[in-house]
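Here the structure comes first, spelled out in structure tokens, and everything after it is commentary.
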Amino acid sequence: SFAGGFMGHIATTGQTDFLTLCKAVIYGSACASATCEAFGPAALAKLDMAKIEERVAAFRKLTSF
């Protein structure tokens, strides 16, 4: 799930500069965090872009990037 979020962000932006890669790590982490919420892919099946953006915003509040 991390790799999907990471590569999805890169594919969306079409860039591979340092800032994009840093943001891709956050998007990958946001997707991976959903995996920890339920056994199996149940939480991932319910994940959409709006929920990913919510997770990224929450991550942003906890860190500085």
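The values are calculated or read from the model by the stated rules, or taken from the named source; none is laboratory data. Since this is a predicted model, take the numbers as computed values, not measurements. When we count neighbours, we look across all protein chains shown, and the Cβ atoms used for this are built from the backbone with ideal geometry, even at glycine. SASA here: full protein model, heavy atoms, side chains in, ligands and nucleic acids out. Shrake-Rupley method; radii C 1.70, N 1.55, O 1.52, S 1.80 Å.
Here are the numbers for this structure:
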| read-out | value |
| --- | --- |
| Tabulated pairs, segment 38-65, first without any contact (Cβ under 8 Å) to a residue 40 or more places away in the chain, second part of a loop (DSSP other than H, G, I, E, B) and open to solvent by 60 Å² or more (accessible area, probe 1.4 Å), C-beta under 6 angstrom, 6+ apart or interchain | ALA43/GLU37 |
| Number of positions in segment 48-59 that are closer than 14 Å to HIS9 by Cβ and surrounded by 10 or more Cβ atoms within 10 Å (Cβ to Cβ) | 5 |
| Qualifying position, being small (Gly, Ala, Ser), open to solvent by 60 Å² or more (accessible area, probe 1.4 Å), in contact with a helix residue (DSSP H, G or I) (Cβ under 9 Å, 6 or more places away or on another chain) and touching a residue at least 12 places away in the same chain (Cβ under 8 Å), among SER29, SER1 | SER1 |
